[in-house]
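Each remark here refers to the structure printed beneath this line.
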Amino acid sequence: MSTSIDRGAPASGKKDPGLRGSHAVRWWVLVVIGMAQLMVMLDATVVNIALPHAQQDLGFSNGSRQWVITGYALAFGSLLLLGGRLGDLLGRRTLFVIGVAGFGAASVLGGSAGSFEILVAARVAQGLFAALLAPAALSLLSVTFTEPSERAKAFGIFSALGGAGGAIGLLLGGMLTEWASWRWVMYVNVAFAVPALIGALLLLAKPAITKKPKLDIPGIVVVSAALFAIVYGFAHVESTSWTDPVTLGSIIVGAVLLAVFAWLETKVAHPLLPPRLVLDPDPRWFIHGGSLTREGSLIN
């Protein structure tokens with residue numbers, strides 16, 4: 001597997017100004033990453049409460065309403081692994097910044113939507129940028145907190161924010177819909193995206209990438225299709241049943257494609273998800289700059 005170096009350090013030969021990338025600002029980096037994580041998780045539920053008001057305003061049918069939720073889930077779920085690989089190609093900081101900025105812009109588009117089609121397109125865009133942001137955030141946490149005790153604390157806070165995001169989204173969605181407008185359940189993301197973006201630009205060091213890994217195109221296509229089918233199948237259950245032909249067909253197709261993906265990963269030179277990562281039960285494995293690392297050792 002190709003090796004890509006992106007450890008949060010400034011590019012060689014260029015001095016990073018101020019405290020950018022410094023160990024001293026690691027807890028501020030956690031604040032920035034946590035804010036982005038809260039935004040992503042909150043948006044998975046904040047729209048639910050506002051859907052009836054959005055439906056009345058934009059005039060779409062009950063059958064179409066589910067696509068506002070499903071569009072986000074499909075894009076996020078099917079592109080998550082690709083987002084992780086793009087972090088190796090472009091750098092974690094770069095992908096994090098793109099994800100936060102894009103998510104904020106998509107939220108503004110959704111809030112100002114004048115039609116159902118634009119609202120769904122905005123939700124799909126949110127899911128896409130969330131799929132870029134999420135793996136970059138996890139990687140940034142890994143390289144920012146190098147001490148085992150601090151890393152455990154940082155990941156604990158990060159996980160707590162993710163878990164709280166869903167509950168906060170329901171409460172916030174109700175408050176904003178009641179006191180303002182359904183459009184503010186989209187606009188509220190800007191309040192998270194702007195400070196997270198500024199913090200990322202000021203605190204995260206520019207990556208030093210010496211060698212970019214190659215893309216596993218067959219693996220990307222197959223696993224994205226597999227995850228899309230599975231997510232669609234589970235989303236379709238809500239409006240039908242577990243015995244519905246579309247539901248069963250989607251889940252079965254997704255499972256078959258996952259099996260094909262697992263087989264492909266044993267054949268390609270640069271696998272998207274190396275089999276040894278799955279087969280080795282050692283929890284100390286983690287993704288580090290496009291290569292597998294265990295106890296600080298680079299495994300190619």
query: Would it be correct to say that Ala136 is touching a residue at least 40 places away in the same chain (Cβ under 8 Å), buried (at least 18 other Cβ atoms within 10 Å of the Cβ), touching a Lys or Arg at 6+ places or on another chain (Cβ under 6 Å) and in a helix (DSSP H, G or I)?
result: yes
statement: Within the range 86-101, of all residues that are more than 12 Å from the chain's Cα centre (by Cα) and of a type in the set (Gly, Ala, Ser), the one surrounded by the fewest Cβ atoms within 10 Å (Cβ to Cβ) is Ala101
statement: How many residues of the range 110-133 are surrounded by fewer than 23 Cβ atoms within 10 Å (Cβ to Cβ) and more than 17 Å from Ile69 (Cβ to Cβ)? The answer is 3
query: Do you know which residues across the range 241-275 are surrounded by 14 or more Cβ atoms within 10 Å (Cβ to Cβ), of a type outside the set (A, V, I, L, M) and outside any helix (DSSP H, G or I)?
result: Asp244, His270, Pro271, Pro274
message: For the range 89-96, check the following and say yes or no: at least one residue is farther than 16 Å from Lys206 by Cα and either of a type in the set (Gly, Ala, Ser) or outside any helix (DSSP H, G or I) (or both).
response: no
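Kindly indicate whether Leu79 is of a type outside the set (Asp, Glu), farther than 14 Å from Leu197 by Cα, in a helix (DSSP H, G or I) and in contact with a Leu (Cβ under 9 Å, 6 or more places away or on another chain).
yes
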- prompt: Across the range 147-169, what is the total count of residues that are more than 20 Å from the chain's Cα centre (by Cα) and in contact (Cβ under 8 Å) with a residue 12 or more places away in the chain?
  reply: 1
message: For the range 94-108, which positions are closer than 14 Å to Tyr187 by Cα and not β-branched (Val, Ile, Thr)?
response: Ala101, Gly102, Phe103, Gly104, Ala105, Ala106, Ser107
message: Out of the residues in the range 249-270 meeting the condition of being of a type in the set (A, V, I, L, M) and modelled with pLDDT under 90, tell me which one is farthest from Val222 (Cα to Cα).
response: Ala269
query: Under 9 Å by Cβ, and 6 or more places apart or on different chains, what pairs join a residue from the range 188-207 that is touching a residue at least 12 places away in the same chain (Cβ under 8 Å) with one that is polar (S, T, N, Q) and in a helix (DSSP H, G or I)?
result: Val188/Ser107; Asn189/Ser107; Asn189/Gln126; Val190/Ser107; Ala193/Ser107; Leu204/Thr144; Lys206/Thr94; Pro207/Thr94
- prompt: If you take the residues in the range 48-65 that are aliphatic (A, V, I, L, M) and farther than 16 Å from Glu117 by Cα, which one is surrounded by the fewest Cβ atoms within 10 Å (Cβ to Cβ)?
  reply: Ile49
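The values are calculated or read from the model by the stated rules, or taken from the named source; none is laboratory data. Predicted, not measured: the structure shown is a model, and the values here were computed from it. Note: ideal-geometry Cβ built from the backbone for every residue, glycine included; neighbour counts use all protein chains shown.
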